[in-house]
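Read the figures in this text as sums done on the coordinates, not as results from a lab. It should be emphasised that the depicted structure is a prediction, and the values quoted were computed from it without experimental measurement. A quick note on method: Cβ atoms are made from the backbone with ideal geometry, for glycine too, and the neighbour counts reach across all protein chains shown.
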Amino acid sequence: MSEHRPVRRVVTGNDAQGRSVVLFDGPAPNTNPRPNGSCFNELWTFDNGPPRLSDTHDEGSRERPLRHSPPPFGAHFRMIESRPVDQAIYSPEIAKQNFEAMNTGGHSQMPVQARESRQFPLHRTISVDYGIIYDGDFNQVLPDRDVLMHPGDIIVQLGHIHSWANQSPHNASIAFVMIGSGDAPPKAG
């Protein structure tokens, strides 16, 4: 299997005199390889909107734990690189354990009666998510069908039950901006 590509992250802002500056430029510091062969690159997060533009703290640093969903009143920007999954070594039970380990904020749900995904359990995030496929092919896995997506395709997710499966013979990548809805989670089902 190939290694994950490093993601260069450039963050710009303003200095104390209001001049445009580069605040951070280098490999994304908050990189989280997952047991299923994917890698979550957490690029930027804010906890409450609207975000403060004067803050120069690195909101994509390693000190921020990996959470499946964005903060309820904030957002995060992540890039996910996914390997094709070897089903012989990646079981639904392991997928569920990995999901629960990422759901530390508790704002994602795993419905009981939904069919198992080939890569990650069917789940729901309490957020509006904008996703852009930029490498490889992915299936958006829904409870009753799949939607095949290719590089350049865009998805808008509105808190529905879903999962993702890499349909490429090589690593595939998708970028997400996930915005917490602030709503109470709908009943899992």
Would the stretch 1-51 count as rounded, prolate or oblate if I go by the C-alpha gyration tensor, calling it rounded below 1.5 in a/c and otherwise prolate when a/b exceeds b/c, oblate otherwise? oblate
Compute the distance from the alpha-carbon center of the stretch 8-22 to that of the stretch 47-87, in whole Å. 20 Å
Volume per residue, Å³, of the convex hull around the alpha-carbon atoms of the stretch 8-180? 115 Å³
Net charge near ASP55, counting Lys/Arg +1 and Asp/Glu -1 over other residues with Cβ under 15 Å of its Cβ? -3
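By counting other Cβ atoms within 10 Å of each Cβ, how are THR125, THR31 ranked from fewest to most?
Working: THR125 23, THR31 17.
Going from least to most buried by this count: THR31, THR125.
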Sequence-distant or interchain residues sharing an amide H contact under 5 Å with THR104, placed H: which? HIS68
For a Förster distance of 35 Å, can you work out the FRET efficiency between the beta-carbons of GLU93 and LEU53, rounded to the nearest 0.05? 0.20
Give the calculated FRET efficiency between ARG5 and SER61 to the nearest 0.05, with a Förster radius of 22 Å applied to their Cβ-Cβ distance. 0.65
